[in-house]
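Working notes, structure below.
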Amino acid sequence: MDSDELYSSIKGILIDQFEVDESAISLDANLYDELEIDSIDAVDLLVQLKELTGKKISPDVFKDVRTIRDVLSALTSL
Amino acid sequence: MEYTTVSVWCRIIVTWAPWNCPDNEQALAQFARIRRYYLTPRRMKYLDLAWRFVGTSLLWFFFGLIGLIVSVFVFPLLYLLVRDADARQITARNLIAAAFGAFMWGGCRMGVFSFRVTGMEHRDPDGGQLILANHPTLIDVVLLLSVLPQVDCVIKEAVIRNPFMRASVTTANYISNFEPADLLASCVERLESGASLLLFPEGTRTSSGRPLEFKLGAAEVAIRAQAQILPVVVDCRPQFLAKHEPWYSIPRSRPHFAVTILPAISVSKLVPGGLDERHARYELNEALVSLFEAELA
């Protein structure tokens with residue numbers, strides 16, 4: 001799965017399940033400040049991404065993740 | 001969507017719940033889904049409102065309780081331990097500032113309100129400044145005394161009679177408004193002796209929806225003492241603990257206090273010289289009102 005596909009599936013998860021406004025989502029949108037996702041929701045996002053890609057971002061890496069771009073680079077660098 | 005205090009409780013439940021065993025991650029994810037399902041933004045709003053009501057009640061309960069404890073135990077002890085009246089006054093004011101600081105901290109921690117003070121550098125720590133503030137809410141004096149300890153202020157008769165506060169305000173040697181005739185003279189005297197004095201020129205809390213109205217007393221004190229004026233603008237949005245509003249009326253969103261300490265100005269900067277005292281008083285008052293209104297707009 002390349003990063004474009006990954007981006008659109010993250011976007012889909014955010015819109016469908018986290019009720020995030022589509023217009024608020026961009027590569028540089030901050031998950032915690034702008035998209036109002038808190039640490040418990042972030043774990044859910046992590047689990048769903050794991051199911052989707054079969055890759056597991058370690059919690060240590062995810063701690064430093066702030067934007068959607070960070071999520072993508074964490075997933076592709078594995 | 002705002003997850004505030006509720007999310008803290010969620011976290012506590014998640015970390016302590018029995019199903020929080022081997023696969024912590026799966027459990028958390030499941031919990032997040034359940035929470036998103038039940039705690040919709042609309043419900044969160046009501047929960048937040050309810051929580052702020054509980055928080056406000058707790059805050060006032062502790063205010064009374066701490067006032068009582070301090071009056072019954074701490075101040076008698078202070079009288080025994082500190083024999084010098086001046087030292088006692090300083091300690092009493094520090095104690096009051098600490099207690100008020102605890103009140104503000106508690107309110108912020110519980111999410112009842114938030115506050116931010118800017119311009120602390122304009123305050124002269126050596127004193128001698130006439131601090132003038134507008135008075136939108138019941139807790140302005142709590143807020144201001146917690147950030148500006150050691151300032152003098154005028155206390156209304158009812159507070160001195162209040163058993164919860166009597167011991168502390170008399171030991172702190174604040175000015176009483178019991179004798180209106182002496183009030184101006186004692187304000188000027190305190191300023192001239194080098195203390196900073198906090199006054200609310202409105203004399204009472206602002207009536208909402210009405211233009212700002214200052215009583216002439218504050219301007220008179222400023223002119224007589226020729227003191228530096230330190231304007232402090234308190235802006236609370238949305239309206240909270242205002243005049244004619246009971247303490248349990250909780251605004252729809254969390255109130256935020258923006259306290260702006262403006263640069264100190266001398267009386268001569270605000271009124272042209274050569275006016276007789278009555279006109280100068282009036283001019284100074286007008287200048288102050290427009291200064292505050294510009295800041296509050």
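The values are calculated or read from the model by the stated rules, or taken from the named source; none is laboratory data. Remember, predicted model here, so these are calculated numbers, not experimental data. Neighbour counts are summed over all protein chains in view; Cβ atoms, including those assigned to glycine, are modelled from backbone coordinates with ideal geometry. The accessibility values were calculated without ligands, DNA or RNA, using every heavy atom of the protein model including side chains. Shrake-Rupley method; radii C 1.70, N 1.55, O 1.52, S 1.80 Å.
The residues neighbouring B:Ala294, those whose beta-carbon lies less than 13 Å from its own, together hold a net charge of -4 under the Lys/Arg +1, Asp/Glu -1 convention. Dipole magnitude for region B:141-245: about 320 debye, using +1 per Lys or Arg Cβ and -1 per Asp or Glu Cβ, origin at the Cα centre.
Do the alpha carbons of any pairs in A:Lys63/B:Lys45; B:Lys156/B:Lys215; B:Lys45/B:Lys243; B:Lys156/B:Lys269 sit beyond 20 Å of each other, and which pairs? Don't skip to the end; give the middle numbers.
On the way: A:Lys63/B:Lys45 28 Å; B:Lys156/B:Lys215 16 Å; B:Lys45/B:Lys243 25 Å; B:Lys156/B:Lys269 31 Å.
Over 20 Å Cα-Cα: A:Lys63/B:Lys45; B:Lys45/B:Lys243; B:Lys156/B:Lys269.
Of the residues making up region A:43-65, those losing 30 Å² or more of accessible area when the isolated chain is joined by the remaining protein chains, with a 1.4 Å probe, are A:Val43, A:Asp44, A:Val47.
A crude spin-label estimate for the pair A:Glu5 and B:Trp247, with each label 7 Å from Cα along the Cβ direction, gives 6.2 nm. Sorted on the mean count of surrounding Cβ atoms within 10 Å across their residues, most packed first, peptides B:254-261, B:41-48, B:160-167, B:130-137 read B:130-137, B:254-261, B:160-167, B:41-48. Taking the charge dipole of chain B about its Cα centre, with +1 at Lys and Arg Cβ atoms and -1 at Asp and Glu Cβ atoms, the residue from B:Pro41, B:Gln150, B:Gln239 reaching farthest to the positive side is B:Pro41.
Rounded to the nearest 500, what is the 222 nm mean residue ellipticity of chain B from helices alone, with -39500 (n - 2.57) per DSSP H run of 4+ residues and division by all residues? Walk me through the numbers before you get to the answer.
On the way: 12 runs with 154 residues, N = 297.
Mean residue ellipticity, 222 nm, calculated: -16500 deg cm²/dmol.
Of the solvent-accessible surface of region B:54-296, computed with a 1.4 Å probe and all protein chains present, 58% belongs to carbon and sulfur.
So, with +1 on the Cβ of K and R and -1 on the Cβ of D and E, and no other charges, what is the size of the charge dipole of chain B about its Cα centre, to the nearest 20 debye? It would help to have the intermediate numbers written out before the result.
Working: 29 positive and 27 negative charges, 315 e Å.
Using Cβ point charges on Lys, Arg, Asp and Glu, chain B gives about 1520 debye.
Within the shell of other residues whose beta carbon sits under 14 angstrom from the beta carbon of B:Asn134, the net charge comes to -1, with Lys and Arg scored +1 and Asp and Glu -1.
Could you name every residue in region A:9-42 that has 30 Å² or more less accessible surface in the full protein assembly than in its own chain alone (probe 1.4 Å, ligands and nucleic acids excluded)? Checking the loss per residue gives A:Gln17, A:Glu19, A:Glu36, A:Asp38, A:Ile40, A:Asp41.
Between the listed residues B:Gly64, B:Leu95, B:Ala172, the Cα displaced farthest toward the positive end of the dipole of region B:54-296, a dipole computed from Cβ unit charges relative to the Cα centre, is found at B:Gly64.
Assuming a ≥ b ≥ c are the square roots of the Cα gyration tensor eigenvalues, decide whether region B:54-296 counts as rounded (a/c under 1.5), prolate (otherwise, with a/b larger than b/c) or oblate. In terms of gyration-tensor shape, oblate. Screening chain B for whole DSSP H helices with an alpha carbon extent of at least 15 angstrom along the helix axis and a mean Kyte-Doolittle hydropathy of at least 1.0 yields B:5-16.
What accessible area per residue, rounded to a whole number of Å², is obtained for region A:3-76 using a probe radius of 1.4 Å?
Numbers: 3690 Å² over 74 residues.
Dividing the accessible area of region A:3-76 by its residue count gives 50 Å².
Interface between chains A and B: roughly 1400 Å² of accessible area buried, both sides summed (probe 1.4 Å, protein heavy atoms only).
Mind checking the mean number of beta-carbon atoms from other chains within 10 Å of the Cβ atoms in B:28-38?
Details: counts 8, 11, 3, 4, 13, 6, 0, 4, 6, 1, 0.
For this peptide, the per-residue mean of nearby foreign Cβ atoms is 5.
With +1 on each Lys and Arg Cβ and -1 on each Asp and Glu Cβ, and nothing else charged, work out how big the dipole of the protein assembly as shown is about its Cα centre, in Debye to the nearest 20.
Details: 36 positive and 45 negative charges, 248 e Å.
Charge dipole of the protein assembly as shown: 1200 debye, to the nearest 20.
Around B:Ile261, with a cut-off of 12 angstrom between Cβ atoms, what is the net charge of the other residues, counting Lys and Arg +1 and Asp and Glu -1?
On the way: positive: B:Arg116, B:Arg123; negative: B:Glu121, B:Asp124, B:Glu295.
Neighbourhood net charge equals -1.
Per residue, the accessible area of chain B comes to 53 Å² when a 1.4 Å probe rolls over the protein heavy atoms.
Across the options B:Ala280, B:Pro163, B:Val221, the greatest Cα extent toward the positive end of the charge dipole of chain B (unit charges at beta carbon of Lys, Arg, Asp, Glu) belongs to B:Pro163.
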